[in-house]
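Worksheet: the structure to be examined is printed underneath.
The values are calculated or read from the model by the stated rules, or taken from the named source; none is laboratory data. Since the structure is predicted, the reported quantities are computational estimates derived from the model, not experimental observations. We place every Cβ from the backbone using ideal geometry, glycine too, and count neighbours over all the protein chains shown.
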Amino acid sequence: MPAAPRPRGRPRLAPDAQASRRALLRAGLAQLTERGYVAVRLEDIVSAAGVTKGAFYHHFRSKADYGAVVIAEYDAFFRARIAQSLGRADLSPLARIRDFARNAEAGMARFSFSRGCLIGNLGQEMASLPEDYRDMLIAVLEGWQRMTADCLRDAQSVGEIDATHDPDSLAAFFWTGWEGAVLRAKLERNPAPLRQFADSFLRLISSERSPS
């Protein structure tokens with residue numbers, strides 16, 4: 001009797017293998033957002049994940065390969081966080097951006113501001129990272145910018161911001177400033193930089209701001 005044909009595509013991981021891969025990715029998100037890529041050793045990752053080096057190399061060819069997967073996982077996680085706030089139909093568009101900022105602040109506070117943004121952290125280390133990370137990090141930031149620009153276009157459509165503003169440029173400005181605010185909040189272990197930037201950004205672009 002002929003053997004049954006093998007299913008196409010990537011082999012499905014056994015439950016134990018799935019669990020070890022998830023543990024490694026969780027450990028990477030925690031370690032890299034807190035300490036950065038260069039400072040974290042493979043030994044730190046497997047120890048935090050509670051797995052062996054053999055398990056690590058079962059899933060990833062190298063630390064560089066692992067880091068690329070962690071970037072993709074973080075992007076998916078953070079896109080969902082952005083969409084959760086910017087997709088709220090019960091809030092006006094600018095209130096959605098404020099909601100994102102407050103939720104992000106709460107996320108940093110949960111870890112006593114010891115963890116920053118993985119993408120911002122890696123961007124600061126780029127001189128010591130695999131060169132192909134550069135395009136990956138830029139693509140992640142541009143994706144977040146597009147989501148924000150769509151929200152700002154909604155704000156224009158309801159008159160919250162002036163029609164002369166360029167939503168794409170404003171979104172790029174927001175993420176450049178926001179990443180700096182996250183860096184300073186982590187440095188100071190304080191939410192004030194996040195609040196100052198978000199409040200100032202929204203006040204500056206709002207059509208209802210008070211005249212000087």
When you look at Met147, is it over 22 Å from Leu194 (Cα atoms), of a type outside the set (S, T, N, Q), part of a helix (DSSP H, G or I) and at pLDDT 95 or above, yes or no? no
The conditions are (1) at pLDDT 95 or above; (2) buried (at least 20 other Cβ atoms within 10 Å of the Cβ), and Asp135 fails exactly one of them. Which is it? (2)
Note: among Ala104, Ala109, just one is part of a helix (DSSP H, G or I) and closer than 26 Å to Arg134 by Cα, namely Ala104
Against the conditions (1) assigned to a helix (DSSP H, G or I); (2) under 30 Å from Gly36 (Cβ atoms), where does Leu202 fall short? Just the number, please. (2)
Among Ala95, Ala127, Ala106, which is the only one that is over 18 Å from the mean Cα position of the chain (by Cα), loosely packed, with under 13 Cβ neighbours inside 10 Å, modelled with pLDDT of 95 or more and of a type in the set (Gly, Ala, Ser)? Ala127
Using the structure shown, decide if Ala127 is part of a helix (DSSP H, G or I), of a type outside the set (Phe, Trp, Tyr) and within 22 Å of Arg41 (Cβ to Cβ). yes
Just to be sure, is Ala181 of a type in the set (Gly, Ala, Ser), surrounded by 17 or more Cβ atoms within 10 Å (Cβ to Cβ) and touching a strand residue (DSSP E or B) at 6+ places or on another chain (Cβ under 7 Å)? no
Within region 98-117, can you find the residues that are among the small types (Gly, Ala, Ser) and touching a residue at least 40 places away in the same chain (Cβ under 8 Å)? Ala101, Ala104, Ala109, Ser112, Ser114, Gly116
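So in region 43-68, with the set limited to residues that are among the basic types (Lys, Arg) and part of a helix (DSSP H, G or I), which one is farthest from Met126 (Cα to Cα)?
Result: Lys53.
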Among the residues of region 41-58, how many are crowded, with 17+ Cβ neighbours inside 10 Å and either in contact with a Ser or Thr (Cβ under 9 Å, 6 or more places away or on another chain) or under 20 Å from Met108 (Cα atoms) (or both)? 5
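Of the residues Gly87, Gly67, Gly54, which single one is touching a Gly at 6+ places or on another chain (Cβ under 8 Å) and either free of Cβ contacts under 8 Å to residues at least 12 places away in the same chain or not aliphatic (A, V, I, L, M) (or both)?
From the options Gly87, Gly67, Gly54, the qualifying one is Gly67.
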